[in-house]
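Here the structure is laid out as structure tokens; the discussion comes afterwards.
A short reminder: the numbers here are calculations on the coordinates, not readings from a lab. Being a predicted model, the structure only gives us computed values, none of them experimental. Note: ideal-geometry Cβ built from the backbone for every residue, glycine included; neighbour counts use all protein chains shown.
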Amino acid sequence: MEPSLISILLGSFTGIVLALTGAGGAIIAVPLLMFSLHLAVAEAAPIGLLAVGLSAAIGALLAFRQKIVRYRAASLIAATGALTAPIGYGLHNSCQTHR
């Protein structure tokens, strides 16, 4: 099968999963891209992240237009992520083996 047709089919499948579940597209998209299109993790992960990020941005924009955005919850999640990201980065650097 042609790679562009495979890409369209995989993108459609991932989009349907995102639409039905509201999340989890990257956990499906990355392995599908790796095994079907033979991409490396370093190539597949940004593609999955882009797809999920774009889907989340569209969902947030639609919710903002309908005035159903929960600002307190969004602020709490954003603040938690911003405060704990440096901790995760520090742990990553301390656990990484140097070559």
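Of all the residues in segment 62-81, those that are over 25 Å from residue 30 (Cβ atoms) and either in contact with a Phe, Trp or Tyr (Cβ under 6 Å, 6 or more places away or on another chain) or of a type in the set (A, V, I, L, M) (or both) number 8. Scanning segment 25-43 for residues that are in contact (Cβ under 8 Å) with a residue 24 or more places away in the chain and either under 18 Å from residue 53 (Cβ atoms) or part of a loop (DSSP other than H, G, I, E, B) (or both) yields a total of 2.
Scanning segment 59-72 for residues that are in a helix (DSSP H, G or I) and within 20 Å of residue 18 (Cβ to Cβ) turns up 59, 60, 61, 62, 63, 64, 65.
Within this structure, residue 60 fails the test of being within 13 Å of the chain's Cα centre (by Cα) and surrounded by 11 or more Cβ atoms within 10 Å (Cβ to Cβ). Which one is farthest from the chain's Cα centre (by Cα) among residues in segment 10-32 that are among the β-branched types (Val, Ile, Thr) and surrounded by 11 or more Cβ atoms within 10 Å (Cβ to Cβ)? The residue in question is 16. Restricting segment 33-51 to residues that are more than 14 Å from the chain's Cα centre (by Cα) and surrounded by 12 or more Cβ atoms within 10 Å (Cβ to Cβ) leaves a set whose member that is farthest from residue 13 (Cα to Cα) is 39. If you scan segment 64-99, which residues turn out to be of a type in the set (S, T, N, Q) and surrounded by 10 or more Cβ atoms within 10 Å (Cβ to Cβ)? Listed by number, the residues that qualify are 75, 80, 84.
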